[in-house]
Each structure stands twice: as C-alpha cells, then as structure tokens.
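Student: Pasting a structure here, questions to come.
The values are calculated or read from the model by the stated rules, or taken from the named source; none is laboratory data. Remember, it's a predicted structure, so these values are computed and weren't measured experimentally. Neighbour counts are summed over all protein chains in view; Cβ atoms, including those assigned to glycine, are modelled from backbone coordinates with ideal geometry.
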Amino acid sequence: GENVEQHPSTLSVQEGDSAVIKCTYSDSASNYFPWYKQELGKRPQLIIDIRSNVGEKKDQRIAVTLNKTAKHFSLHITETQPEDSAVYFCAASSGFKTIFGAGTRLFVKA
Amino acid sequence: DAGITQSPRYKITETGRQVTLMCHQTWSHSYMFWYRQDLGHGLRLIYYSAAADITDKGEVPDGYVVSRSKTENFPLTLESATRSQTSVYFCASSKQGSEPQHFGDGTRLSIL
C-alpha cells in the first residue's frame, strides 16, 4: 500500500542552527503535502503545507520544498529556537486519504 | 481548536468490552478522520468519511467500526477491545480531502 518515509527519526541541533527533515512518498496521486508539529501531550497542528503545482513555499523561518519527479519533500527550519523542539510529521494526501510519516523528534539545545 | 472535541479524554477498559470514542466538530467540515498514534508509527489512519453516510477504510481498520449519520459527529467503536488497541486516538476534520486537518485533543485508551 501507500506509504510515507520520514528521516531522520531524531534530530538534535544547536540553537540558531538549521534543521532539515526529509520525506518520500509512494502514491503518485498525492497532490497535497502538509507538515504538522506536535508538542508533548498536545494535538498535531499544521505549520506549513505545499501543493503539487508548487516547488517551494516559505513562511518566515519555515520552508518546504517538493520534488514531484523524485517523490521527495523536505521541511527546512532556519535559526532554530528552543520552542521549535517538538515532533514533526510530514504527510501526503491524494484527496481521500492522508498518510503520515512516522515523525521526527527535534531537540533544539540552548 | 475548540471547534473539534473528543470524548472521553481518558478511558480504561478490559479486553472484550465494547468501547465508543466520540468526535464532534462545529465547522460543518465535509471530511472527518480517525487516527491512532503509537510510538514509532506516527499517525495511522483507521477510517475516514467524506460526508454523512460515506465512510471508507484507512491503513488499519480491523477491529474498528465507524458511522456518520450527521455531518458533525463521527464516532469510532471498538466492538471487542484487544490489548493491541491500547493507543492514543485522534479525530480530525477538514473542509475537503486535500486541505489542512484540524485535530481534536485525543483520547488516551488503555485496554487491560
């Protein structure tokens, strides 16, 4: 069946450094790629998303890139801050179903 | 988001019992989803619904039943609970399929 692979599973960076999380998807019909942030004990919340007709999207310190040919998409966080520490999930949606990656636990050390 | 609520927040039950988790949204979103979250697996889709009276299976539907008689409600039932169904369950909704999903606070379910 369809799946989404996410790497790395854990990422530790120094405050102020950049963090990059990568995902690959298998379903060619996927056309919507959201990223969610989940703090400990809380609900997942959308931080940025991208559609298949766009290659890159940026929102302040967060950016997402999409390579449809390679079925890759990535999340880039610049100038990381301690409050960026959380679990990040990528997802791929084909309209009816949304499949999530297994998550990346990001630690930002002050 | 206060517009989507799950109940109960915590539930402990025994194997073999029937359990129903409730989900209610006030946005009139067409799509609703149920996920389970287990360590190392992220969020796995159990069932989804595109509209009232339309439901379909996700990645891990076995042992679960859903219904959607009204747009705002999407209950999830475990007909005969097993220990492997111990998990955190999240309900979510979106306007359409390929749109941002809004999640409830989750239900932590323990089956002894």
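Student: Please go through region A:16-30 and pick out each residue that is modelled with pLDDT of 95 or more and exposed (fewer than 13 other Cβ atoms within 10 Å of the Cβ).
Tutor: Result: A:16, A:18.
Student: Now, a different point. Kindly provide the set of residues from region A:1-30 that are part of a strand (DSSP E or B) and in contact with a helix residue (DSSP H, G or I) (Cβ under 8 Å, 6 or more places away or on another chain), ordered by number.
Tutor: Result: A:19, single match.
Student: Given the criterion touching a residue at least 12 places away in the same chain (Cβ under 8 Å), buried (at least 17 other Cβ atoms within 10 Å of the Cβ) and closer than 22 Å to residue B:59 by Cα, identify the matching residue among A:91, A:86.
Tutor: A:91
Student: Within the set of pairs 6 or more residues apart or between chains, which connect a residue that is over 15 Å from residue B:66 (Cβ atoms) and facing another protein chain (nearest Cβ under 7 Å) inside region B:90-108 to a residue that is at pLDDT below 95 and assigned to a loop (DSSP other than H, G, I, E, B) with Cβ atoms less than 7 Å apart?
Tutor: Close Cβ pairs (under 7 Å, with a partner that is at pLDDT below 95 and assigned to a loop (DSSP other than H, G, I, E, B)) amount to B:97/A:95; B:97/A:96; B:98/A:31; B:98/A:95.
Student: Could you please let me know if residue B:61 is surrounded by fewer than 18 Cβ atoms within 10 Å (Cβ to Cβ) and either more than 18 Å from residue B:4 (Cα to Cα) or among the polar types (S, T, N, Q) (or both)?
Tutor: Answer is yes for this residue.
Student: Across region A:94-110, which residue is surrounded by the fewest Cβ atoms within 10 Å (Cβ to Cβ) among those that are under 14 Å from the mean Cα position of the chain (by Cα) and either at pLDDT 95 or above or closer than 16 Å to residue A:9 by Cβ (or both)?
Tutor: Result: A:105.
Student: Could you list, in sequence order, all residues of region A:55-65 that are within 14 Å of chain B (Cβ to nearest Cβ) and within 11 Å of the chain's Cα centre (by Cα)?
Tutor: Once the filter is applied, which keeps residues that are within 14 Å of chain B (Cβ to nearest Cβ) and within 11 Å of the chain's Cα centre (by Cα), region A:55-65 yields only A:64.
Student: I would also like to ask the following. What are the pairs with Cβ atoms under 6 angstrom where one residue, in region A:23-45, is among the β-branched types (Val, Ile, Thr) and the other, located anywhere, is not in a strand (DSSP E or B)? Sequence gap at least six, or different chains.
Tutor: Within 6 Å, the pairs are A:24/A:71.
Student: Identify all residues within region B:65-96 that are in contact with a Leu (Cβ under 8 Å, 6 or more places away or on another chain), among the hydroxyl-bearing types (Ser, Thr, Tyr) and surrounded by 20 or more Cβ atoms within 10 Å (Cβ to Cβ); write none if there are none.
Tutor: B:87, B:89
Student: If I ask for residues that are charged (D, E, K, R), away from every other protein chain (no Cβ under 14 Å) and assigned to a strand (DSSP E or B), which ones from region A:74-110 would you list?
Tutor: A:109, the sole residue that qualifies.
Student: Provide a single number: the residues in region B:32-78 that are among the acidic types (Asp, Glu), assigned to a loop (DSSP other than H, G, I, E, B) and either closer than 18 Å to residue A:103 by Cβ or modelled with pLDDT of 95 or more (or both).
Tutor: Residues flagged as among the acidic types (Asp, Glu), assigned to a loop (DSSP other than H, G, I, E, B) and either closer than 18 Å to residue A:103 by Cβ or modelled with pLDDT of 95 or more (or both) within region B:32-78 amount to 3.
Student: It is to be established whether one or more residues within region A:31-53 are away from chain B (no Cβ under 14 Å) and either buried (at least 23 other Cβ atoms within 10 Å of the Cβ) or assigned to a loop (DSSP other than H, G, I, E, B) (or both).
Tutor: No.
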